[in-house]
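A.B. asks: Here's a structure for you.
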Amino acid sequence: MKVVVVGGGIGGLTLALSLRARFDDVDVHVYEAAPEFKPLGLGINLMPHCVRVLTQLGLEDALAEVAVEAQEFVFATHNGQIIYREPTGLYAGHPYRHFSVHRGDLHTVLLNAVLSRLGGDHVHTDHRLVGLTQDQAGVTATFQASAGSAIAPVEGDVLIGCDGVHSVVRKTFYPDEGAPVFHGINMWRGVTRMPPFLSGGSATRIGALFLTGKLAVYPIRNAIDTEGNQLVNWIAEVNTEVRSPVDWSAAGDIDDFLHYFEDWKFDWLDCGELLRKGENVLSYPMVDRDPVDRWTFDRVTLLGDAAHPMYPRGGNGGAQAILDAEALAKALEATADPREGLVAYQVERLPVVNNLVLTNRTTPPDTIIEVVEQRTNGEPFENLHDIISQEEIEEISHRYQRAAGYDKETVARK
Ligand SMILES: Cc1cc2nc3c(=O)[nH]c(=O)nc-3n(C[C@H](O)[C@H](O)[C@H](O)COP(=O)(O)OP(=O)(O)OC[C@H]3O[C@@H](n4cnc5c(N)ncnc54)[C@H](O)[C@@H]3O)c2cc1C
């Protein structure tokens, strides 16, 4: 079977590895638009649901070398009052770790594994998909190089669109869909070199959008210098009608958002200082797409952001692409006709992930903070449990975990 994988991001590379792990005779080729791979992006959280997949692919040690092992999620108000500390990964009794990692480091781990297991001749950079056709016999993909030079068309038995939020494969089947949907929230992201805070492996979420804005702050690299500093990733979310380009590499300006957070100074974190010392500041709008009810069209299917672009909240953009890759490889292994495999993959994954796309819009895990800030009107609380019970906090968190599939029962069952 020849598999044409369009897009060498997180989903495409994990798919190549998953297919190689399950088939001796599969001929997988990854086609990536970028002229060369660069370690782009900032932080990504990998919770136990997708770390299970990466561990089973033999990548746990390589990830542990570059990532920070998260120990807990921390939810705090904009006053810095901690509402809830929830253990995660091994600390929560999962059999798999939770890694917080630089996307570039995760990508490098995946790419090195693909190059060593499949060989460099199975990875083709500077191949931008511009069209595809299919018939009874197979699928044909047309690519363009960045210099505009012609590339011979590529044929395969199936083609998997792992080409991200601006997917050309998706556009083939949904030509009138338009741009990703903007809901009036912008994100600025960056990294700061600083000493470890809280546990040194705390994935924190602070504040509520309806008041001012919210922050997510977590370390993604350990011991980056002789003083033991970490590289700490942060994301500032603010309600605004100003739209940044839907481009993961677009530069941001600290003056556009610092004032929302400048006076958030707690005994465990000085948010103003964190942001002021930020490097590589990027701006990205909170966009997704309305879920569609079909990803598979005969010999072609969609995977990752191409299938279900979601708010990059709750740590699930990368994770769900990784879970898709495993499910698709498994479905192809289970049938002699790859077209049936693509349908079975859609049947398994589409309802789950479409539900998560909507959940990320309405009730991400930091709803816990939103509820507390609403009930206190943004004022400090004296006794948390007069405001919200422990059961209610845990129910909000567990509901999201179940939707995303990183609750203990689901991870253990897999
Ligand atoms: C440069 C970059 C930086 C990112 N930074 C972050 C981040 O800091 N934090 C975060 O949470 N998420 C980030 N993301 C998004 C995140 O990687 C995805 O949401 C998630 O991992 C799902 O993976 P994916 O493989 O579906 O998409 P992606 O990882 O986005 O991969 C899609 C790949 O397809 C390639 N591609 C696009 N169009 C074509 C085409 N026509 N032909 C061939 N190849 C094509 C792209 O160049 C890219 O390599 C980033 C994505 C990119 C591309």
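Readers should treat all values here as calculations from the given coordinates under stated rules, not as data from a laboratory. No experiment lies behind these values; they were computed from the predicted model shown. For neighbour counting, all protein chains shown are included, and Cβ atoms are generated from backbone atoms with ideal geometry for every residue, glycine included.
A.B. asks: Using DSSP to define loop residues, name the GluC sites (Glu not before Pro) in region 215-261 whose beta-carbon has at most 10 other beta-carbon atoms within 10 Å.
C.D. replies: Working: sites: 227, 237, 241; in loops: 227, 241.
Here the sparse-neighbourhood loop sites are 227, 241.
A.B. asks: Could you tell me the extents of the chain's C-alpha atoms along the three principal axes, largest first, rounded to whole Å?
C.D. replies: Projected onto its principal axes, the Cα set of the chain covers 69, 47, 45 Å.
A.B. asks: Let me ask something additional. Can you compute 3J(HN,Hα) from phi for each residue in region 280-289, using the Karplus curve 6.51 cos²θ - 1.76 cosθ + 1.60 with θ = phi - 60°, rounded to whole Hz and x for Gly and Pro?
C.D. replies: Taking θ as phi minus 60°, the curve returns 6, 6, 10, 10, 8, x, 6, 10, 8, 10 Hz for region 280-289.
A.B. asks: Given only helices, namely DSSP H runs of n ≥ 4 each adding -39500 (n - 2.57), what is the per-residue ellipticity at 222 nm of the chain, to the nearest 500 deg cm²/dmol?
C.D. replies: On the way: 13 runs with 138 residues, N = 414.
Mean residue ellipticity at 222 nm (helix-derived): -10000 deg cm²/dmol.
A.B. asks: Mind checking region 26-107 for trypsin sites (Lys or Arg not before Pro) that DSSP puts in a loop (not H, G, I, E or B) and that have at most 14 other Cβ atoms within 10 Å?
C.D. replies: Details: sites: 52, 85, 97, 103; in loops: 97.
Hits after loop and neighbour filter: nothing returned.
A.B. asks: So which GluC sites (Glu not before Pro) in region 314-414 pass both tests, a DSSP loop state and at most 11 other Cβ atoms within 10 Å of the Cβ?
C.D. replies: 382
A.B. asks: Now for a different question. Starting with the highest mean, order 62-72, 294-304 by the number of other Cβ atoms within 10 Å, averaged over the residues of each peptide.
C.D. replies: Details: 62-72: 19.8, 294-304: 23.5.
Ranking the peptides 62-72, 294-304 by packing returns 294-304, 62-72.
A.B. asks: Here is a follow-up. Give the separation of the Cα centroids, region 378-414 to region 250-304, in Å.
C.D. replies: Their Cα centres are 23 Å away from one another.
A.B. asks: Let me ask something else. For each of 292, 347, count neighbouring Cβ atoms within 10 Å of the residue's Cβ, then give the residues from fewest to most.
C.D. replies: 347, 292
A.B. asks: Please compute the Kirkwood hydrodynamic radius over region 184-262, one decimal place, Å, based on all pairs of different Cα atoms. Mind dumping the intermediate values first?
C.D. replies: Values: mean 1/r = 0.0731 Å⁻¹.
One over the average 1/r among Cα pairs gives 13.7 Å for region 184-262.
A.B. asks: Taking the dipole about the Cα centre of the chain, with the C-beta of Lys and Arg at +1 and of Asp and Glu at -1, give me whichever of 99, 122, 180 is farthest to the positive side.
C.D. replies: Toward the positive end, the furthest listed residue is 122.
A.B. asks: Follow-up. At a 10 angstrom cut-off on C-beta neighbours, averaged per residue, how do the peptides 179-188, 139-148 rank from highest to lowest?
C.D. replies: 179-188, 139-148
A.B. asks: Determine ³J(HN,Hα), in whole Hz, for all residues of region 265-273 in sequence, where each value follows from phi through the Karplus function 6.51 cos²θ - 1.76 cosθ + 1.60 and θ = phi - 60°; x replaces Gly and Pro.
C.D. replies: Coupling constants for region 265-273: 10, 10, 6, 10, 6, 9, 5, x, 5 Hz.
A.B. asks: From the mean inverse distance of alpha carbon pairs (Kirkwood) and the Cα radius of gyration, derive Rg over Rh for region 217-271.
C.D. replies: On the Cα set of region 217-271, Rg over Rh gives 1.03.
A.B. asks: With an 8 Å Cα cut-off and a minimum separation of 6 or more residues, compute the relative contact order for the chain in percent.
C.D. replies: RCO, the chain: 20 percent.
A.B. asks: Take the chain, connect every pair of alpha-carbon atoms lying under 10 Å apart with a spring to form a Gaussian network, then pick out the residue of 325, 250, 307 with the largest mean-square fluctuation.
C.D. replies: The residue with the greatest mean-square fluctuation here is 250.
A.B. asks: Which far-off residues, 5 or more places away or on another chain, put their amide H under 5 Å from the one on residue 83, with H placed in the peptide plane?
C.D. replies: Answer set, sorted by chain and number: 75, 76, 77.
A.B. asks: Please enumerate, by chain and number, the lysines with C-alpha under 29 Å from the C-alpha of residue 330, excluding those fewer than 8 residues away in the same chain.
C.D. replies: 2, 171, 408, 414
A.B. asks: Here is a follow-up. Counting only complete DSSP H runs, which helices of the chain cover 27 Å or more along their long axis at the Cα atoms and score a mean Kyte-Doolittle of -1.0 or above?
C.D. replies: On the way: long enough: 338-362 (36 Å, -0.11).
Helices meeting the criterion: 338-362.
A.B. asks: Related question: Counting Lys and Arg as +1 and Asp and Glu as -1, each charge on the Cβ, what is the dipole of the chain about the Cα centre in debye, to the nearest 20?
C.D. replies: Charge dipole of the chain: 520 debye, to the nearest 20.
A.B. asks: Can you give me the C-alpha center-to-center distance between region 194-218 and region 314-348, rounded to a whole angstrom?
C.D. replies: So the separation of the two Cα centres works out to 33 Å.
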